[in-house]
Amino acid sequence: MKSINIVGCGRAGRTFARLFAKSHAFVVQDLHDLNIAAARACARFAEAGEPVRHLADMRPAPVWLVATPDDAIVDTAAALVAAGKVAPGNVVVHLSGATPSVDMVAVIEAGAHAGSFHPMKTFADPGYAAGSFPGTYVALEGDKKAIKVLRVALRKIGARVFEIEPQHKVLYHAGSVMVCNYLTTVLEAGLRCYDGAGIKLETAYKLMEPLVRETVDNVFRTGTVRSLTGPIARGDEAVVARQLESVRKHDRDLGALYLALGRVAVDLARSKGEADPRQLARISRLFKD
């Protein structure tokens, strides 16, 4: 069984340390973070690995996982090479959904194999993330050796793997941000409108939950086009105009969001084909104006 060293012991690093150790996908060896307390917490959480204060003190390993924030990946990979930690034939991978593995130039020039994997999952709670991980879709990219090693390890922890071309990673990741992070943002926008309408936060959450869950269920049962309801789907220009005015008056940023999302909703309504095209054209002009 191959050993793996992990650099970066945040929520994602901790989750994969536990998953790899418990599934015997890798022997989790050394754990390093700029904050030694984070490395120690990772070792406790995973029940595996040795916290290491300094990068230079990490032991050799055939596989390295860089689990740092995106903006530190390239520099961390270069630091590993500069410290003489990466040997020819090693596999060095990172977790970013937006950064191509070829950006780790120092690793490749050192004769190592570069790759990346990006799980379609949130890591707000590492304990929950690790326990619910089986069945998670994970995007892979990199050279053949890195992908081969990752594919075997990820399948052991229950992942559903698929490959993505490096040049498409940023757009793919933007899509993931929209359906995850921006979904949360849209819900927050709704909460702010409810607040402006005098509805208490606790009540607003109760009002939202069944509507949100039913909407999401509809999307995955029938698709986005058939799931669209409401004034734009009906072509109700008067209601849309009053809503836009009200939201803008309450918060200009929310008004801009209403406009941007409304333009997409008009496209969906046209595809749905239930509203009068002339009414949708007037709504579209309202959004442009």
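The values are calculated or read from the model by the stated rules, or taken from the named source; none is laboratory data. On a predicted model such as this, the values are computed, not experimentally measured, just so you know. Positions of Cβ are generated from backbone atoms using ideal geometry, with glycine treated the same way; all protein chains shown enter the neighbour counts. The protein model used for the area step is the full one, side chains on, heavy atoms only, and it has no ligands, DNA or RNA in it. Shrake-Rupley method; radii C 1.70, N 1.55, O 1.52, S 1.80 Å.
Take the range 270-287 and flag every residue that is more than 13 Å from Glu237 (Cα to Cα), in a helix (DSSP H, G or I) and in contact (Cβ under 8 Å) with a residue 24 or more places away in the chain.
Taking the range 270-287 as the starting set, the residues that turn out to be more than 13 Å from Glu237 (Cα to Cα) are 270-274.
If we keep only those that are in a helix (DSSP H, G or I) as well, we get 270-272.
Residues satisfying the conditions are Ser271, Lys272.
Tell me yes or no: at least one residue of the range 98-115 is of a type in the set (Ser, Thr, Tyr) and under 23 Å from Phe45 (Cβ atoms). Quick ask: steps written out before the conclusion?
So the first thing to find is which residues in the range 98-115 are of a type in the set (Ser, Thr, Tyr), and the list is 99, 101.
Retained after the next criterion (residues that are under 23 Å from Phe45 (Cβ atoms)): none.
Taking every residue of the range 98-115 in turn, none turns out to be of a type in the set (Ser, Thr, Tyr) and under 23 Å from Phe45 (Cβ atoms).
Could you identify the single residue in Ala41, Ala12, Ala17 that is part of a helix (DSSP H, G or I), modelled with pLDDT of 95 or more and out of contact with any Phe, Trp or Tyr (no Cβ under 9 Å at 6 or more places or on another chain)?
Among Ala41, Ala12, Ala17, only Ala41 is part of a helix (DSSP H, G or I), modelled with pLDDT of 95 or more and out of contact with any Phe, Trp or Tyr (no Cβ under 9 Å at 6 or more places or on another chain).
Taking the conditions exactly as written (among the hydrophobic types (A, V, I, L, M, F, W, C) and closer than 27 Å to Cys180 by Cβ), does Ala61 satisfy them or not?
Against the criterion (among the hydrophobic types (A, V, I, L, M, F, W, C) and closer than 27 Å to Cys180 by Cβ), Ala61 does not qualify.
Please pick out the residue among Gly49, Gly13 that is in contact with a strand residue (DSSP E or B) (Cβ under 9 Å, 6 or more places away or on another chain), open to solvent by less than 20 Å² (accessible area, probe 1.4 Å), in contact (Cβ under 8 Å) with a residue 12 or more places away in the chain and not charged (D, E, K, R).
Going through Gly49, Gly13 in turn, just one is in contact with a strand residue (DSSP E or B) (Cβ under 9 Å, 6 or more places away or on another chain), open to solvent by less than 20 Å² (accessible area, probe 1.4 Å), in contact (Cβ under 8 Å) with a residue 12 or more places away in the chain and not charged (D, E, K, R): Gly13.
Could you list all residues from the range 24-38 that are among the acidic types (Asp, Glu) and assigned to a loop (DSSP other than H, G, I, E, B)?
Asp33 - this is the single residue of the range 24-38 that is among the acidic types (Asp, Glu) and assigned to a loop (DSSP other than H, G, I, E, B).
Looking only at residues in the range 94-148 that are in a helix (DSSP H, G or I) and acidic (Asp, Glu), which one is surrounded by the most Cβ atoms within 10 Å (Cβ to Cβ)?
So the residue we want is Asp103.
Using beta carbons and a limit of 7 Å, which pairs, at least six apart or on different chains, have the first residue in the range 115-128 and at negative phi and the second one of a type in the set (Lys, Arg)?
These pairs meet every condition: Phe123/Arg11; Pro126/Arg11; Pro126/Arg14.
Checking the condition among the aliphatic types (A, V, I, L, M), free of Cβ contacts under 8 Å to residues at least 40 places away in the same chain, over 24 Å from Leu280 (Cβ atoms) and out of contact with any helix residue (DSSP H, G or I) (no Cβ under 6 Å at 6 or more places or on another chain), which residue from Leu207, Leu191 passes?
Leu207
Within the set of pairs 6 or more residues apart or between chains, which connect a residue that is on the phi > 0 side of the Ramachandran plot inside the range 143-171 to a residue that is outside any helix (DSSP H, G or I) and open to solvent by 70 Å² or more (accessible area, probe 1.4 Å) with Cβ atoms less than 6 Å apart?
So the pair list comes out as Gly158/Pro134.
Output the qualifying pairs, or none if there are none: Cβ atoms under 6 angstrom, residues six or more apart or on different chains, first residue in the range 237-252 and touching a residue at least 24 places away in the same chain (Cβ under 8 Å) and open to solvent by less than 90 Å² (accessible area, probe 1.4 Å), second residue in a helix (DSSP H, G or I) and of a type in the set (D, E, K, R).
Glu237/Arg282
Can you confirm whether Thr99 is touching a Gly at 6+ places or on another chain (Cβ under 7 Å), closer than 27 Å to Val177 by Cα and among the hydroxyl-bearing types (Ser, Thr, Tyr)?
No; evaluated as a whole, the condition is false for this residue.
Filter the range 160-192 down to residues that are of a type in the set (A, V, I, L, M, F, W, C) and open to solvent by 50 Å² or more (accessible area, probe 1.4 Å) and give me whichever is modelled with the lowest pLDDT.
If we filter the range 160-192 for residues that are of a type in the set (A, V, I, L, M, F, W, C), which is where we start, we get 161-162, 164, 170-171, 174, 177-180, 183, 186-187, 189, 191.
Now restrict to residues that are open to solvent by 50 Å² or more (accessible area, probe 1.4 Å): 162, 170-171, 178-179, 183, 186-187.
Working: Phe162: 97, Val170: 92, Leu171: 95, Met178: 95, Val179: 95, Leu183: 96, Val186: 97, Leu187: 97.
Per the criteria, the residue is Val170.
State whether one or more residues within the range 228-242 are within 29 Å of the chain's Cα centre (by Cα) and part of a helix (DSSP H, G or I).
No, there is no match, as no residue in the range 228-242 is within 29 Å of the chain's Cα centre (by Cα) and part of a helix (DSSP H, G or I).
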